[in-house]
1. Sort through C:Glu132, C:Glu109 and tell me the only one that's in contact with a Gly (Cβ under 9 Å, 6 or more places away or on another chain) and charged (D, E, K, R).
2. Does B:Asp283 satisfy the condition of being within 14 Å of chain C (Cβ to nearest Cβ) and open to solvent by 20 Å² or more (accessible area, probe 1.4 Å)?
3. Show the residue pairs meeting these rules: Cβ distance below 9 Å; 6+ apart or different chains; first residue within region A:60-79 and farther than 30 Å from A:Arg143 by Cα and among the charged types (D, E, K, R); second residue open to solvent by less than 10 Å² (accessible area, probe 1.4 Å) and in a helix (DSSP H, G or I).
4. At pLDDT below 95 and out of contact with any Pro (no Cβ under 6 Å at 6 or more places or on another chain): is that true of C:Ala8 in this structure?
5. Of A:Tyr300, A:Tyr351, which residue is of a type in the set (Phe, Trp, Tyr), crowded, with 24+ Cβ neighbours inside 10 Å and within 14 Å of another protein chain (Cβ to nearest Cβ)?
6. When residues of region B:228-248 are filtered for being more than 17 Å from B:Asp312 (Cα to Cα) and small (Gly, Ala, Ser), how many remain?
7. If the requirement is being of a type in the set (Val, Ile, Thr), touching a Ser or Thr at 6+ places or on another chain (Cβ under 9 Å), at pLDDT below 95 and open to solvent by 20 Å² or more (accessible area, probe 1.4 Å), which of these qualifies: D:Ile210, D:Ile264?
8. Go through (1) touching an Asp or Glu at 6+ places or on another chain (Cβ under 8 Å); (2) more than 14 Å from chain A (Cβ to nearest Cβ); (3) among the polar types (S, T, N, Q) one by one and return the number of the condition D:Thr91 breaks.
Amino acid sequence: GRYGEFGGKYVPETLMYALEELEAAFLDAKEDPAFQEKLTSELERFSGRPTALTYAPQLTEHYGGAKIYLKREDLNHTGAHKINNALAQGLLAMRMGKKEIIAETGAGQHGVATATMAARFGLKCKVFMGKEDIRRQELNVFRMKLMGAEVIEVTSGGHTLKDATNEAIRHWVAHVEDTFYIIGSVVGPHPYPMMVRDFQRIIGDESKQQMIEETGKLPDEVVACVGGGSNAMGMFYPFLDDDVRLTGAEAAGKGVETTEHAATLFKGRKGVLHGSLSYLIQDVDGNITEPYSISAGLDYPGIGPEHAHLRDTKRVQYVPITDDEAMDALKDLAELEGILPAIETAHALAYVKQKAPEMDEDEVLLVCLSGRGDKDVQTIQAKVEGDVQS
Amino acid sequence: GRYGEFGGKYVPETLMYALEELEAAFLDAKEDPAFQEKLTSELERFSGRPTALTYAPQLTEHYGGAKIYLKREDLNHTGAHKINNALAQGLLAMRMGKKEIIAETGAGQHGVATATMAARFGLKCKVFMGKEDIRRQELNVFRMKLMGAEVIEVTSGGHTLKDATNEAIRHWVAHVEDTFYIIGSVVGPHPYPMMVRDFQRIIGDESKQQMIEETGKLPDEVVACVGGGSNAMGMFYPFLDDDVRLTGAEAAGKGVETTEHAATLFKGRKGVLHGSLSYLIQDVDGNITEPYSISAGLDYPGIGPEHAHLRDTKRVQYVPITDDEAMDALKDLAELEGILPAIETAHALAYVKQKAPEMDEDEVLLVCLSGRGDKDVQTIQAKVEGDVQS
Amino acid sequence: MNRLNNEAFTKATKRFVPYMMSSDPSPEVSVDIALTLQEAGVEALEWGVPFSDPLADGPVIQEAGQRALKRGGSLTKALSTMKDARERGLTLPTVLFTYVNPVLSFGFEKLVQEMGEAGFDGLLIPDLPYEESHSYREYCQKHDLSLIPLVAPSSRSRVEKICKDADGFVYYVTSLGVTGTRQEFSETLKAEIETVKSFSRVPVLAGFGISTPEHVSFFQKIADGAIVGSALVRKIGSLEEDLLDPERKHGALNEIKGFVQELISY
Amino acid sequence: MNRLNNEAFTKATKRFVPYMMSSDPSPEVSVDIALTLQEAGVEALEWGVPFSDPLADGPVIQEAGQRALKRGGSLTKALSTMKDARERGLTLPTVLFTYVNPVLSFGFEKLVQEMGEAGFDGLLIPDLPYEESHSYREYCQKHDLSLIPLVAPSSRSRVEKICKDADGFVYYVTSLGVTGTRQEFSETLKAEIETVKSFSRVPVLAGFGISTPEHVSFFQKIADGAIVGSALVRKIGSLEEDLLDPERKHGALNEIKGFVQELISY
């Protein structure tokens, strides 16, 4: 359960047996061809995998350097990589005989993916969501309810994702016998970071195969955005032993020199949040502070422990990307390739915008296009029009 | 250019040469392996085809009859089947050396698909849209603009789709030499209905192959919603010579006994609109009347001429489905399978809800899940909450 | 033999044919206007039918159609008002200008019969191109009605076959685009019109975008006549209130007469 | 030898251990409350550290933490106020109750040293389970500090190993869930606590959800004592204004004293 010094299981004793049980069930399922077959079937027949690999000729020409390829997780059912993990954990929950699913959500994407899975498999589903996020993401709340999920308003703390996660954990503590807690990223106590990574590595596995089919070789560099870090971990993991540069883009918000950012690795200190040891944005007393990013999905004060380890061992480089840099890259992709990426994803694209021109034309940059931007149109519009006004 | 008595080319002489040129270019491209290869590549690598075939076990059990399969056009890039046609016509435009693309749009889906294609291929794009629709679909307008399209406000007539189509045709008349008009459905003058059908038949072709792989046989009945009718035509066409029942669901709005509907085949009379002879909703003097449907994509007073022919020859049955029936079926699919369909698509699902229980458990119903419902969440919410209030 | 095939029209040295919308600003007054145009000295008249979706027309004529629809205008009304005009002394060759859908809705054979009764000479359906027109043309010929074809610069190789079957006159679309007024005409226009004339046994009249006396004169020289639509329809629209006021109607009609005489003054 | 291992605690026949939040409603007054609890006759004290994300606690204690944070509460402050309390005569065994992140932020070795200086006897970190606690426990033992473990009904096969290494006391979580008050307890509780006691060399105290004199009496019988947190913290919260008013503070402290004496009156 450790990645170097990071990870672990920092949870109340009440949950420890459940985590042991979960780990055993996961390892058992992983080796079970019937489970894998069912999962593969749902990923292919329900979510539409394998997702496409798209060459971006106009973006490549515009940036003038490395050839840019996009791994299209945005084409998944519900519009992002989140469903890979939700379907897998849902099947695991059924295998363990759990009847009720709980999840936390910030912007609502993991909540929607979980509610989708629960509807598909006929499971009861409760989604914990901060009061403030419920207000900001009214339509996602309605989508979850349409799919039969119960959305539970969280009014503790700052009424956002961190608090929703605390409440979900509390609910799990109180109902640990029959409840399965679906964590949406490579965070939380062991075995979650490992399990979510394994359920997301299909992104990297497919990408490797597709890159070789398309170009005859592995890419020179692979880029992904990092909040909790599940799309990046899923993309990077199969490349860890290859001679491929790996880069994670984290949210620098209004700039790492300000207090309004979510640049956990750039500005955080080691600490424990939501069950594992990693880097955290915290104050001098060890209280967790509210992060900021224009992207609701990167607006998290922690990061998956394996990323912390990959940073410290220098296997992966992590770069901070501001709101403005992300928005510029988002507009480039929309205008030049007809793909509207999620603002989260745009952080990875902003790094590409910096990096591609420095690379040779025969080099290849692969980006994890983790999600589509439909959910963000209002935010983008407010930002674009706000910029015009100011 | 005729389907029985329907179809034809009822356009000003100014456009006739362009239509002849277009037909020749289309027939030539159709036989050109290089064109087909490029199109296939874009469909697969950009839009994510083939789309999945999903078995709906819970919906099947709930309705208690035929096994229900869903052809997942909602998993396409931009969320509906519209992109199949937009990409194909875009490649044809480039092949013909046209530099500017025009399109009309009502709810904005065809506009978004066309703007997407134009961005991807680096073409200039103008989208004509009624003033009223621009107001109602503000976010889709913004999406088109983000992708670099120019959205032209139409203030003639009722300020909606029909008027936007008139304006697009007028613009085409004035700029016929260098402009390619992309029609979004199997309507308009010949060769459009034929061409759009051929570009959408991939839905039915893939479905046939997938059904045989999954079930070893063809489905007993195939269902699709019909506005202009492109998803239905694309789905039905490859099945026309097979022993398979085909059913199109058209929008009955508030009921065919009211004046607020878009049930063109059920209530319309033969006539010419936008260049072809088909059924039309019109008044006693032959003026076209504004149709009504909760679904913006079915809210069209005409229908593709080939559908008119298939109706009159009884090869396809067409059934009217009300707003309320569609909304009920939409909720069923969301709750039981975790798929939020477009309200257009929900009309097909409402027929399934009626029909499946009358069929045997060893029979199979295949539905064209033409688009996803993300775009409709606000409409659905208003409807659900309106119903609660009333 | 309809009036378009009479020598008064076929042998005319100059031809000026105005387009107006029937029932605009009202059924009665549109008849007054038709008679006024005759007084002004025009050679023939296009009698427009209001339609919800006039996609070959620009905004000026579309708005006139909207006004006419509100006043009860329709294909039926266009027939009955022409009958009134004939009774009140209209002797000009007249062409019914309508889209195909109102025709289908009315019934084509019934329309041809009633057009004969109303005293029409020709029929122009802008969205009924050559390929769709064969049976319509035959039926019109049988009933001594000229089905007027359109030819456009973009017609290219299509000009010959269209002109070969033409009757009454050929409507030559001077520039691409819908009806409306514009400043410039294509430079190759003269040669193009020559070509059309070379294929046609009947007069070739130029229309679309003709709005000034200079335009009219120019086209009367290089073609067999000029058709003016939007410029006149806009004038009528601007006089709507006066035309509907019994006190001021006479003055307004005189203004229209003057406007047309100015157009053909060169 | 710390006070939890003194006979006064190890040989007590009944044990009542209240939890309170340091710095709630203010650093100074929380010391007054600690002294008041001593007067009321409790056997030991849990001294809570306010933290932004107390995920093992219910809303009552989370809100107390928010109040304490606003008053300048922190781990540093929890140490200095305990030093004050000792200087003002607090002799009870005391346990610092804090989450792991403030500990890591402060530095664990530094914390153990300063806890010794402040007069603490034990340390309870609810999100530091057995598997993560080995090196922490060894270091505590070396510095005569008891690292208090939790055991829960869901611990199952884990009970034995946890109890084997326990020091000070075992905190038995009476029901699943976070801290807070509730009406019902699991029926199998007695047997479960017997099992835990059979593995433990140190007292087994029951906590979570104990809020009435009847509860306290029940757990003092079937376990080695009872811990009350939320019920007391809620009482303190309800008296916030009085406690912060020098005129009314004495009365409020007396009310707290009476509340605790009532709890242990059975």
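1. Selected residue: C:Glu132, the only one of C:Glu132, C:Glu109 that is in contact with a Gly (Cβ under 9 Å, 6 or more places away or on another chain) and charged (D, E, K, R).
2. Judged against the criteria, B:Asp283 is a match.
3. From residues that are farther than 30 Å from A:Arg143 by Cα and among the charged types (D, E, K, R), the pairs are A:Lys67/A:Ala356.
4. Answer is yes for this residue.
5. A:Tyr300
6. Result for region B:228-248: 2.
7. After ruling out the rest, the residue left standing is D:Ile264.
8. (1)
The values are calculated or read from the model by the stated rules, or taken from the named source; none is laboratory data. Treat the numbers as computed from the prediction; the structure is a model and nothing was measured. Cβ sites come from the backbone with ideal geometry, for glycine too, and all protein chains shown count toward neighbours. Ligands, DNA and RNA are excluded from the accessible area calculation, which covers all protein heavy atoms including side chains. Shrake-Rupley method; radii C 1.70, N 1.55, O 1.52, S 1.80 Å.
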